[in-house]
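The values are calculated or read from the model by the stated rules, or taken from the named source; none is laboratory data. Predicted, not measured: the structure shown is a model, and the values here were computed from it. Note: ideal-geometry Cβ built from the backbone for every residue, glycine included; neighbour counts use all protein chains shown. The protein model used for the area step is the full one, side chains on, heavy atoms only, and it has no ligands, DNA or RNA in it. Shrake-Rupley method; radii C 1.70, N 1.55, O 1.52, S 1.80 Å.
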Amino acid sequence: MRPGIRPAKSADLDALVALDKVCFGDSAWSAESWAAEFARLGTDRVMLVADEGMQVGYVVLLMPPAPEDPVDLLRIAVSPADRRTGIGGQLMTAALQRCTGRTVLLEVAAGNEGAGALYRGYGFEEISRRRGYYAGGEDAVIMQWQEKA
Ligand SMILES: CC(C)(COP(=O)(O)OP(=O)(O)OC[C@H]1O[C@@H](n2cnc3c(N)ncnc32)[C@H](O)[C@@H]1OP(=O)(O)O)[C@@H](O)C(=O)NCCC(=O)NCCS
């Protein structure tokens, strides 16, 4: 059964804290950070969840109210057991559908080949690099998406 993509609700908080830990380990957002993200839903945050009876993925966007301001894709992840089955793509499709007419930016570690491939597949293009941005000296790649006319 394919998961449904739906907006996050407050009852998702604990599950997303746990899933984020599985997906990002030491780089996971703290429970407090997640609570702060949820508190901003309905203001400048959009959060979507891939749900197949349990939460298996999520995407978090910083969407400023002014449409001329770029959207930042802050986070996207899928449970390791569910990867390469199209869920990340479904989340990306649903996220970009909410970004009609806007510019979307994101930052990805240069060595994160899976995420980079996903982003390029959805039309993101590298616009700049921050050399040695991450601990350990890895570059950060800044990518941009704009809806094709
Ligand atoms: C990046 C991530 C969200 C992709 O999710 P996913 O559900 O596996 O993505 P999909 O199955 O929809 O893949 C769509 C396409 O992206 C590309 N892709 C995804 N993962 C890839 C990988 N590991 N290697 C190469 N290409 C990959 C492929 O083109 C894939 O299409 P295909 O399977 O038909 O070849 C997932 O790997 C993940 O959660 N990674 C850890 C968290 C992370 O690094 N997030 C990004 C930084 S915020």
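Among the GluC sites (Glu not before Pro) within the stretch 58-149, those in coil by DSSP and having at most 10 neighbouring Cβ atoms inside 10 Å are GLU68.
Taking a ≥ b ≥ c as the square roots of the eigenvalues of the alpha carbon gyration tensor, the chain is rounded, as a/c is under 1.5. Checking every one of the trypsin sites (Lys or Arg not before Pro) in the stretch 18-103 against DSSP loop status and a limit of 11 other Cβ atoms within 10 Å picks out ARG84.
Distance between the 7 Å Cα→Cβ label points at ARG130 and ARG83: 2.3 nm. The residues of the chain present an accessible area of 54 Å² per residue when probed at 1.4 Å with all protein chains retained. Over the stretch 28-126, Cα pairs under 8 Å with separation of 6+ residues give a relative contact order of 21 percent. With point charges of +1 on the Cβ of Lys and Arg and -1 on the Cβ of Asp and Glu, referenced to the Cα centre of the stretch 91-149, which listed residue (GLN144, GLY101, LEU91) lies farthest in the positive direction of the dipole? After comparing all options, I get GLY101.
Taking Cα centre as origin and charging only the Cβ of basic (Lys, Arg, +1) and acidic (Asp, Glu, -1) residues, the dipole magnitude of the stretch 85-144 rounds to 200 debye.
Between ASP69 and GLN97, how high is the FRET efficiency from 1/(1 + (r/R0)^6) when r is the Cβ-Cβ distance and R₀ = 22 Å? Nearest 0.05. Given R0 = 22 Å and the Cβ-Cβ separation, E is 0.75. In the chain, the DSSP-assigned H stretches of four residues or longer account for a calculated mean residue ellipticity at 222 nm of -8000 deg cm²/dmol, using -39500 (n - 2.57) per stretch and the full residue count as denominator.
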